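Visitor: Have a look at this one.
The values are calculated or read from the model by the stated rules, or taken from the named source; none is laboratory data. In this text, all values refer to a predicted model and were calculated from it rather than measured experimentally. For neighbour counting, all protein chains shown are included, and Cβ atoms are generated from backbone atoms with ideal geometry for every residue, glycine included. Note: accessible area is taken over every heavy atom of the protein model, side chains too, but ligands, DNA and RNA are not part of it. Shrake-Rupley method; radii C 1.70, N 1.55, O 1.52, S 1.80 Å.
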2 protein chains.
Amino acid sequence: MVSPRPTIMDVARTAGVSSATVSRVINGATTVDKELSKRVQAAVRATGYVPNALGRSLRRGGTSQIAVVAPDAENPYFTQIIGEVERIARDQSHSVTVAHTEDDLAVEQECFAQLVSRHVSGVLLVPVDGMRTDLGPLTDAGIPVVLVDRGIDGAHTDVVATDNHDAGRQAARHLHERGFRAPAVIAGSQTLRTTEDRATGFLGAWRELGVEVGADALQRGDLHLESGRTVMEQLLAAGEADCVYVTNNRMSAGAFEAIRGVEGAPALLATDDDLWTRLVTPSVSVVHQAVRATSRAAARMLTQRMANPDEEPSTTLLRSRIIERDSTQPKG
Amino acid sequence: MVSPRPTIMDVARTAGVSSATVSRVINGATTVDKELSKRVQAAVRATGYVPNALGRSLRRGGTSQIAVVAPDAENPYFTQIIGEVERIARDQSHSVTVAHTEDDLAVEQECFAQLVSRHVSGVLLVPVDGMRTDLGPLTDAGIPVVLVDRGIDGAHTDVVATDNHDAGRQAARHLHERGFRAPAVIAGSQTLRTTEDRATGFLGAWRELGVEVGADALQRGDLHLESGRTVMEQLLAAGEADCVYVTNNRMSAGAFEAIRGVEGAPALLATDDDLWTRLVTPSVSVVHQAVRATSRAAARMLTQRMANPDEEPSTTLLRSRIIERDSTQPKG
DNA sequence: GTCAACCTGGTAATCGTTTACGCGTCAAGC
DNA sequence: GCTTGACGCGTAAACGATTACCAGGTTGAC
């Protein structure tokens, strides 16, 4: 029923040449007669030939694919990065494949094995966990890796990330300038560098500003929306904070749910400029990460690393900026 | 500097056996002595051997990869489908790669060529355009395709989609029951089946309910947020509609922006249960597509088609349901 | 006219696997 | 003891492409 796909041999036969010549035509070699070249191209069309990437890559000893690996298919921050990187890579005529790790270390490792096995030529990775993700499989195989958004302790690779410590400091200054004096922060787990750096930057800045911060100014959630809501509800019940900084996007949404419609609720400063933040009432001020710049830098860095693998890895930190909306209007 | 990766031959040498035996051990053949098997496994660990998927697939005449192709990396509806399908496929130990087409037919075709060339064993596709997407490259290559969310005119393939006509009818009935009598709908381009079916179902149902619908009850946007806003602004200016049904998620957000805070604005019924719809004030009623069921059905259908390619293709339609919130509270 | 240099295009080896085939060994049945 | 069968393993031929190498023909210089 299904006829086998045409191979380079079929093309060669119908064009009356050898497979070598077909290969040369396909790959744009200049050393082939125009007449023959026409015949070959005609034969390609006639047979509907598509080169077999498996054979080609096997012979060439490598693919020209780059992989983008992120923890979550549904988090807007990651999807923006993925979309942007895909566009850039495509413009450089690399083909791109995406994979998601479900925030699960085992899935991530399985994914690495796949990529090694498939001989991808480079990986842009948002690691699941800065302390426990093991890049060994990739680096042992000599595959260039660029870490995006989250670094990995002790990894000897390129990193493109947000300056999270600075983001936290900016958050603190923003709230301080607007007259708030009783801060709280909702962080994630201690092992996740991004949220942790934001939280410590935030609390450190308040201390520098001469504001006492109690031990319960630091609250922890599990990054999901629900935990943002429950933690914020606890803060409301305690009634001590007059402003709350939330260190990731999903918990931010949960925190907003908890204070929506609540009279005299603390000011809310969220993370990431996701769609909902500007649609809700009051609209929510956010610490906006430079998604586009991050993606660009990461893509550029990867292609550079693929070109010369032996250079010293570098780290690029990008600044966030505050987008002020109604949820942090001056106290008074 | 970079040592070449170990091959099956290296493993064979260090284990003191032939490559055939190594291959048999790796693939779990039972016909190999336990003693040798141990030695081989030890050698695999010692050398850090990872089978080369390129060689393997070349020899086997096919991969065991399935590809998920969607137009947009950032639309929550697609990302949910992608996430869900990936989970299911992984559970069936298929490996998954994702690609995005940017709502661009040329990118989509390029993508198809890649997939053919890479010999993926099945494709789950959300096509860019039901009238113009050309599945030829895939089907000619004998690759099973399941269309998700959007069908393609005249394509002889499996389809899993929402019953959009019914969704439109439900929308109309919902608004009618709540006392609204002057409907408008914001559709997309005529060539996009999903939004078009919703719109015609919606308008048809109103006529069946005995309500006159004028020609300007049907408005068109370009699917993006901004167009939702501008079209809604026009509707506000005209001042005729008392309720508006928006047929995709991004335009819904724009439409909401236009009516936010506007006194006496028409009721809003949006599409897709995206995060913002329940966070905003007033919360927005939506026609919720059965994302999870869609994904499941599509994944199941693809594996079935991969198992026996010659069966007649089938179409699965799934019903939407209305989630009632504040934006469509009864008129009065 | 001869020879060297060059250009084109074919032959065949190769990339890393899998697997059909066959060879040796051993046990069982007569 | 000899045949038969089963079993375990190695040899070598594929899969589809690329490319080093070589053969044959053309050209130009002397």
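Visitor: Could you grab me the full set of residues in the stretch A:110-138 that are polar (S, T, N, Q) and more than 10 Å from chain B (Cβ to nearest Cβ)? Don't jump to the end; show me each part of the working.
Guide: If we filter the stretch A:110-138 for residues that are polar (S, T, N, Q), which is where we start, we get A:114, A:117, A:121, A:133.
Of everything in the stretch A:110-138, those that are polar (S, T, N, Q) and more than 10 Å from chain B (Cβ to nearest Cβ) turn out to be A:S121, A:T133.
Visitor: Within the stretch A:294-308, identify whether any single residue is in a loop (DSSP other than H, G, I, E, B), modelled with pLDDT under 95 and within 14 Å of chain B (Cβ to nearest Cβ), and answer yes or no.
Guide: yes
Visitor: Here's something else I'd like to know. With the condition being in contact with a strand residue (DSSP E or B) (Cβ under 7 Å, 6 or more places away or on another chain), on the phi < 0 side of the Ramachandran plot and open to solvent by less than 40 Å² (accessible area, probe 1.4 Å), I'd like the strands (runs of 3 or more DSSP E) fully within the stretch B:218-278 carrying at least 2 qualifying residues.
Guide: Once the strands (runs of 3 or more DSSP E) in the stretch B:218-278 are filtered for at least 2 residues that are in contact with a strand residue (DSSP E or B) (Cβ under 7 Å, 6 or more places away or on another chain), on the phi < 0 side of the Ramachandran plot and open to solvent by less than 40 Å² (accessible area, probe 1.4 Å), what remains is B:243-246, B:267-271.
Visitor: Still on this structure, I have one more. Counting only residues that are outside any helix (DSSP H, G or I) and touching a strand residue (DSSP E or B) at 6+ places or on another chain (Cβ under 6 Å), which one in the stretch B:86-95 is surrounded by the fewest Cβ atoms within 10 Å (Cβ to Cβ)?
Guide: Once the filter is applied, the top-ranked residue is B:H94.
Visitor: Which one of B:T14, B:T47 is away from DNA strand D (no atom under 11 Å from the Cβ) and either of a type in the set (G, A, S) or touching a residue at least 40 places away in the same chain (Cβ under 8 Å) (or both)?
Guide: Unique residue meeting the criteria: B:T47.
Visitor: If you scan the stretch A:279-309, which residues turn out to be buried (at least 16 other Cβ atoms within 10 Å of the Cβ) and among the aliphatic types (A, V, I, L, M)?
Guide: Listed by number, the residues that qualify are A:L279, A:V280, A:V284, A:V286, A:V287, A:V291, A:A297, A:A298, A:A299, A:M301, A:L302, A:M306.
Visitor: Out of all the residues in the stretch B:307-316, is one or more assigned by TED's automatic domain parsing to the domain that holds B:R178 and touching a residue at least 60 places away in the same chain (Cβ under 8 Å)?
Guide: The answer is no, given that none of the residues of the stretch B:307-316 is assigned by TED's automatic domain parsing to the domain that holds B:R178 and touching a residue at least 60 places away in the same chain (Cβ under 8 Å).
Visitor: In addition: Filter the stretch A:43-72 down to residues that are at positive phi and surrounded by 13 or more Cβ atoms within 10 Å (Cβ to Cβ) and give me whichever is nearest to DNA strand C (Cβ to nearest atom).
Guide: Initial filter on the stretch A:43-72 (at positive phi): A:48, A:61-62.
Next, from what is left, pick out any that are surrounded by 13 or more Cβ atoms within 10 Å (Cβ to Cβ): A:48, A:62.
Values: A:G48: 21, A:G62: 10 Å.
Restricting to residues being at positive phi and surrounded by 13 or more Cβ atoms within 10 Å (Cβ to Cβ), the top hit is A:G62.
Visitor: Of all residues in the stretch B:142-175, which are in a helix (DSSP H, G or I) and of a type in the set (D, E, K, R)?
Guide: B:D166, B:R169, B:R173
Visitor: Could you please let me know if A:V148 is in contact (Cβ under 8 Å) with a residue 24 or more places away in the chain, among the aliphatic types (A, V, I, L, M), within 14 Å of chain B (Cβ to nearest Cβ) and crowded, with 24+ Cβ neighbours inside 10 Å?
Guide: No; evaluated as a whole, the condition is false for this residue.
Visitor: Would you confirm whether any residue within the stretch A:39-46 is charged (D, E, K, R) and more than 21 Å from the chain's Cα centre (by Cα)?
Guide: From the stretch A:39-46, those charged (D, E, K, R) are A:39, A:45; that's our starting set.
From what is left, the residues that are more than 21 Å from the chain's Cα centre (by Cα) are A:39, A:45.
Yes - at least one qualifying residue is present in the stretch A:39-46.
Visitor: What pairs come up if the first residue lies in the stretch B:268-280 and is more than 9 Å from chain A (Cβ to nearest Cβ) and over 17 Å from B:V244 (Cβ atoms), the second is assigned to a strand (DSSP E or B) and of a type outside the set (V, I, T), and their beta carbons are under 9 Å apart, counting only those six or more places apart or on different chains?
Guide: What qualifies is B:D273/B:H288.
Visitor: Give just the number: which of (1) more than 11 Å from DNA strand C (Cβ to nearest atom); (2) open to solvent by less than 50 Å² (accessible area, probe 1.4 Å) does A:V40 not satisfy?
Guide: It fails just one condition, (1).
Condition check ((1) within 12 Å of DNA strand D (Cβ to nearest atom); (2) at the interface with chain A (Cβ under 9 Å from one of its Cβ atoms); (3) part of a helix (DSSP H, G or I); (4) open to solvent by 60 Å² or more (accessible area, probe 1.4 Å)) across all residues:
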residue: B:P6; (1), (2), (3), (4): no, no, no, no
residue: B:V32; (1), (2), (3), (4): yes, no, no, no
residue: B:E74; (1), (2), (3), (4): no, yes, no, yes
residue: B:T97; (1), (2), (3), (4): no, yes, no, no
residue: B:E108; (1), (2), (3), (4): no, no, yes, no
